[in-house]
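J.: Can you read through this structure? Questions will come right after.
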Amino acid sequence: MKRLIGILLVVTTAAPATMVARAQTKIIPGETKTATATVEAVEASTRTLTLKAEDGKYVTLTVPESVTKFNSIKVGDTLKAKYYESLIVRVKPPGEQAVDTTESAVTPAANRTHPAGTLGAQRTITATITAIDQEAPSITFEGPNNWKYTSRVEDKKALQKVKVGDRVDITWNEALLVSFDEMAK
């Protein structure tokens, strides 16, 4: 009982601080995309696959060394992939240090004949708002390494909360789930 009261006390005292933080953060949810492709060629020496997508287009990709079951991929196998991306934009308080970080991890799936796994990546940079167009509506950012980005904004109210010159942290979150399956023979 004391533990429950302690947890409730922490939650009720932390809630106002959380509300303030949320007011300065915009989360832009992504959508999950699914794709299927057929292995058309395997180049073992360079760990390169040529895939034919459902729309008939060809894609060549290099498979990292962390994929330990690369040798089990054969011409005719089917690659199934699910991809998800989201974006978080947070207005930085004055004086807070700029960031430019990238983190990623690959987790291979166990107990499978063919390769499968999950890749997660997160990139965060500090950028400065250089233009806001209320008519379009759109916003333009500039960041490290001459990075420039302009995007349409669906939520016009969000544009009213920022101004040219504001610094923001932009975080991209990506997840990719990949599996290979043999095609039905």
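The values are calculated or read from the model by the stated rules, or taken from the named source; none is laboratory data. Small disclaimer: the values here were computed from a predicted structure and weren't measured. Neighbour counts run over all protein chains shown; Cβ positions are idealised from the backbone, glycine included.
J.: For region 90-107, give me the residue count where each residue is of a type in the set (A, V, I, L, M, F, W, C) and either exposed (fewer than 10 other Cβ atoms within 10 Å of the Cβ) or not in a strand (DSSP E or B) (or both). Walk me through it before giving the result.
T.: Looking only at region 90-107, we keep the residues that are of a type in the set (A, V, I, L, M, F, W, C), and these are 91, 98-99, 105-106.
Restricting the remaining residues to those that are either exposed (fewer than 10 other Cβ atoms within 10 Å of the Cβ) or not in a strand (DSSP E or B) (or both) gives 98-99.
Number of matching residues: 2.
J.: For ALA131, indicate whether it is modelled with pLDDT under 95 and on the phi < 0 side of the Ramachandran plot. First the steps, then the outcome.
T.: Numbers: modelled with pLDDT under 95: no; on the phi < 0 side of the Ramachandran plot: yes.
The answer is no for ALA131.
J.: Does ALA110 satisfy being at pLDDT below 95, outside any loop (DSSP other than H, G, I, E, B) and of a type outside the set (Lys, Arg)?
T.: On the way: at pLDDT below 95: yes; outside any loop (DSSP other than H, G, I, E, B): no; of a type outside the set (Lys, Arg): yes.
No; evaluated as a whole, the condition is false for this residue.
J.: Looking only at region 104-127, filter to residues that are without any contact (Cβ under 8 Å) to a residue 40 or more places away in the chain and among the polar types (S, T, N, Q); which one of those is nearest to LYS156 (Cα to Cα)? If you could, list the steps in order and put the result at the bottom.
T.: Residues of region 104-127 without any contact (Cβ under 8 Å) to a residue 40 or more places away in the chain: 104-105, 107, 110-111.
After this cut, where a residue has to be among the polar types (S, T, N, Q) as well, the list is 104, 107, 111.
On the way: SER104: 32, THR107: 39, ASN111: 49 Å.
Residue satisfying both the conditions and the ranking: SER104.
J.: From GLY95, GLY120, which residue is out of contact with any Cys (no Cβ under 9 Å at 6 or more places or on another chain) and at positive phi?
T.: Values: GLY120 fails: at positive phi.
Only one candidate qualifies: GLY95.
J.: Of all the residues that make up region 139-185, how many are outside any loop (DSSP other than H, G, I, E, B) and under 24 Å from the mean Cα position of the chain (by Cα)? Full working, then the answer.
T.: Keep residues of region 139-185 that are outside any loop (DSSP other than H, G, I, E, B), which gives 139-152, 156-159, 167-181.
Those still in the list that are under 24 Å from the mean Cα position of the chain (by Cα) too: 139-152, 156, 158-159, 167-180.
The number of residues fulfilling the criteria is 31.
J.: From ALA136, ALA110, which residue is small (Gly, Ala, Ser) and under 30 Å from VAL168 (Cβ atoms)? First the steps, then the outcome.
T.: Values: ALA110 fails: under 30 Å from VAL168 (Cβ atoms).
Every option except ALA136 fails the conditions.
J.: Search region 110-130 for residues being surrounded by 12 or more Cβ atoms within 10 Å (Cβ to Cβ) and over 20 Å from the mean Cα position of the chain (by Cα), and hand back the single one that is nearest to SER72 (Cα to Cα).
T.: To start, the set of residues in region 110-130 that are surrounded by 12 or more Cβ atoms within 10 Å (Cβ to Cβ) comprises 112, 114-130.
Cutting the leftovers down to over 20 Å from the mean Cα position of the chain (by Cα) gives us 112, 114-115, 128-130.
On the way: ARG112: 11, HIS114: 6, PRO115: 7, THR128: 47, ILE129: 48, THR130: 50 Å.
The selected residue is HIS114.
J.: Can you pull out every residue in region 142-173 that is free of Cβ contacts under 8 Å to residues at least 60 places away in the same chain, of a type in the set (S, T, N, Q) and touching a Ser or Thr at 6+ places or on another chain (Cβ under 9 Å)? Talk me through it step by step, then tell me what you get.
T.: Pass one, region 142-173, residues free of Cβ contacts under 8 Å to residues at least 60 places away in the same chain: 142-154, 156-157, 159-160, 163-165.
Next, only the ones that are of a type in the set (S, T, N, Q) stay: 145-146, 150-151, 160.
Within region 142-173, THR150, SER151 meet the criteria.
J.: Just one of VAL67, VAL39 is surrounded by 10 or more Cβ atoms within 10 Å (Cβ to Cβ), modelled with pLDDT of 85 or more and within 21 Å of ALA116 (Cα to Cα); which is it?
T.: Only one candidate passes the filter, namely VAL39.
J.: Something else now. Filter region 25-52 down to residues that are under 30 Å from ILE170 (Cβ atoms) and in a loop (DSSP other than H, G, I, E, B) and give me whichever is nearest to the chain's Cα centre (by Cα).
T.: Applying the filter and picking the extreme gives GLY30.
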